[in-house]
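Contents: one structure, followed by commentary.
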Amino acid sequence: MSNQTNSETRQWGSRFGYLMVAAGAAIGLGNIWRFPYLAYQGGGGVFLVVYIIVVALMGHPMVEMETAIGRHTGKDAVTAFQRINKKWGIAGWIANVCTLMINMYYVVVGGWVAKYAFQYIVSGDFGSDKQVYFDTFTSSTIEPLIWAALILLFVSIMLYFGITNTVEKIAKVMMPVLFALLIICSIWALAVNENAIEGVKYYLLPDFSKFSFTTFAQAATQVLFSVGIGWGLYVTLGANIPKENNLKSDAIMVSTFDTAAAILAGFVVVPSAFSGGVDIESAGPSLVFNVMTDIFEKLPGGRIIGVCFFLAILFAVISSLFSFFEISIRTFEDNRKMGRRNATILTTVIIAIGNVFVSLGFGLLSNVKLPWLDANGLGMLGIYDWLDTFTAYLLMPIGCILVCVFIAKVWGFKNYEKEVTNDGKFGRVTLYNKILTVAVVPVFMIVILLTVFGFIK
């Protein structure tokens, strides 16, 4: 977007361009980094089944609802709600706070990806113990901050020139490349691992005895994080969509792209970790870095594939950050009447401060703990874990509930139907859609909240 505020100057150049930017926003660390280790921890097949069901019942309708709010107003996440009802700006501000907090650790992890991509380019050497390499790097004081700063500066500079032109052009090329690389790596991973078939069975065949409310909550929360709902992402992106676009089919395609990327990433990581005997419980967020480097070490031409794979993930990270940053930039620009440059600088400074604390939380500030109160009493979490829990398990569910209430009770289904269907051109809002909005999505969110606070397990 440029310094102009006219909504037409901000419109996406094409439907394909929008879909690639939206897919780029959704497809990121949530799919390739977070999903595989949660799927493994959550029982493999049963987690996958629950995840797909939740995407269909919650992810797709939420994308549809948020996009409609954004397109109807053509404004930022705060102003969009206020244009329909002045009292509802709080929903947009909650989304902004959530997004800023996510960016505080997302950029740091993005820096890790950049480091690994660079290491593959210069040597491909991660030592004999991949976990030690990862721990040594992430716990150091200066180097992770440098990589995070490079990511931060690149995204900020690019956004100064406008998300609807520069980013759209890049996304049209890189998103198809990302999918191609994931497919190639999936095939190779299955080919080189001796016991890969057992890992595939674990990943695809559900064992419902492993199902629990915790499994459901983790899968549902992963949908929030991966698809990008409940924190203003599609309200912001939707503001740039031309009126003639079919929002219903766009929402289906974005949800499908996102789910496909997550499943493909799982095909790379889960069977490899399974056959390699990786300790998932202890590996956690480091799983992708450890498993993938080990896989590529065994593959013919593994270093080249490693370069391509981590560069592809890096683009997925950056393409997500473009949209994540834009949520706050657009709010400062439209709602607070700031110029594009000042809004970008303010957003960057806030995120940069958070990046410092998150990065140091893995090393110098590893003893710093933040309070978390639940049914079991007062607990203490590290900086990264606290931010992850507060955003994914609290603010995002609250954001989804607020959107559902807003659609059903404030804006009204009749007005919502006019926007999302282009006055009936693309179908109608059915009873099924209404049930998802007023009952299914809110109940899913309540389960997440009750689980994270320890009331159910």
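The values are calculated or read from the model by the stated rules, or taken from the named source; none is laboratory data. None of the values given here were measured: they were computed from a predicted structure. Virtual Cβ from ideal backbone geometry, glycine too; neighbours counted across all protein chains shown.
Observations on the structure shown:
- Candidates Ile448, Ile407: the one that is touching a helix residue (DSSP H, G or I) at 6+ places or on another chain (Cβ under 6 Å), assigned to a helix (DSSP H, G or I) and under 15 Å from Ala217 (Cβ atoms) is Ile448.
- Those residues of the stretch 363-384 which are of a type in the set (Ser, Thr, Tyr) and not in a helix (DSSP H, G or I), in sequence order: Ser366
Matching residues to (1) among the polar types (S, T, N, Q); (2) touching a helix residue (DSSP H, G or I) at 6+ places or on another chain (Cβ under 9 Å); (3) part of a helix (DSSP H, G or I); (4) more than 19 Å from Val270 (Cβ to Cβ):
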residue: Trp33; (1), (2), (3), (4): no, yes, yes, no
residue: Tyr37; (1), (2), (3), (4): no, yes, yes, no
residue: Val46; (1), (2), (3), (4): no, yes, yes, no
residue: Val50; (1), (2), (3), (4): no, yes, yes, no
residue: Gln82; (1), (2), (3), (4): yes, yes, yes, yes
residue: Ala95; (1), (2), (3), (4): no, yes, yes, yes
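- Of all residues in the stretch 110-131, those that are free of Cβ contacts under 8 Å to residues at least 24 places away in the same chain and surrounded by fewer than 20 Cβ atoms within 10 Å (Cβ to Cβ) have Cβ atoms under 6 Å from Cβ atoms of residues that are of a type in the set (Phe, Trp, Tyr) and not in a loop (DSSP other than H, G, I, E, B), 6 or more apart or on another chain, in Gly127/Tyr133.
- Residue within the stretch 332-343 that is closer than 24 Å to Ile27 by Cβ and either among the basic types (Lys, Arg) or surrounded by 23 or more Cβ atoms within 10 Å (Cβ to Cβ) (or both) present: no
- Residue in the stretch 223-235 that is at pLDDT 90 or above, more than 16 Å from Val55 (Cβ to Cβ) and not aromatic (Phe, Trp, Tyr) present: yes
- One residue from Phe296, Phe325, Phe289, Phe310 being more than 30 Å from Gly42 (Cβ to Cβ), surrounded by 23 or more Cβ atoms within 10 Å (Cβ to Cβ) and either free of Cβ contacts under 8 Å to residues at least 40 places away in the same chain or of a type in the set (Phe, Trp, Tyr) (or both): Phe325
- Whichever residue in the stretch 232-276 is among the polar types (S, T, N, Q) and touching a Phe, Trp or Tyr at 6+ places or on another chain (Cβ under 9 Å) and, among such residues, is nearest to Ser328 (Cα to Cα): Asn240
- Scanning the stretch 69-97 for residues that are small (Gly, Ala, Ser) and in contact with a Ser or Thr (Cβ under 9 Å, 6 or more places away or on another chain) gives Gly70, Gly74, Ala77, Ala80, Gly89, Gly92, Ala95.
- Filter pass, Ser359 being within 22 Å of Thr138 (Cα to Cα) and surrounded by 17 or more Cβ atoms within 10 Å (Cβ to Cβ): yes
- Of the residues making up the stretch 200-244, those that are of a type in the set (S, T, N, Q), crowded, with 20+ Cβ neighbours inside 10 Å and farther than 21 Å from Cys400 by Cα number 1.
- Failed condition for Asp423, given (1) under 30 Å from Asn85 (Cα atoms); (2) modelled with pLDDT of 95 or more; (3) not hydrophobic (A, V, I, L, M, F, W, C): (2)
- Close pairs (6 angstrom Cβ cut-off, 6 or more residues apart or separate chains): among the basic types (Lys, Arg) in the stretch 194-222, not in a helix (DSSP H, G or I) anywhere: Lys210/Gly43
- Filtering Ala316, Ala283 for residues that are at pLDDT 80 or above, of a type in the set (A, V, I, L, M) and either within 16 Å of Gly124 (Cα to Cα) or buried (at least 20 other Cβ atoms within 10 Å of the Cβ) (or both) leaves a single hit, Ala316.
- Selection from the stretch 114-135 of residues that are touching a Phe, Trp or Tyr at 6+ places or on another chain (Cβ under 6 Å) and of a type in the set (A, V, I, L, M, F, W, C): Ala114, Ala117, Phe126, Phe134
- Residue, nearest to Phe296 (Cα to Cα), within the stretch 127-142, restricted to residues that are part of a helix (DSSP H, G or I) and among the β-branched types (Val, Ile, Thr): Val132
- Checked against the criteria, Gly124 counts as out of contact with any Ser or Thr (no Cβ under 7 Å at 6 or more places or on another chain) and not in a helix (DSSP H, G or I).
- Residues (hydrophobic (A, V, I, L, M, F, W, C), at pLDDT 75 or above and farther than 17 Å from Tyr116 by Cα) located in the stretch 269-280: Val270
- Residue match in the stretch 367-374 (condition: of a type in the set (A, V, I, L, M) and crowded, with 16+ Cβ neighbours inside 10 Å): no
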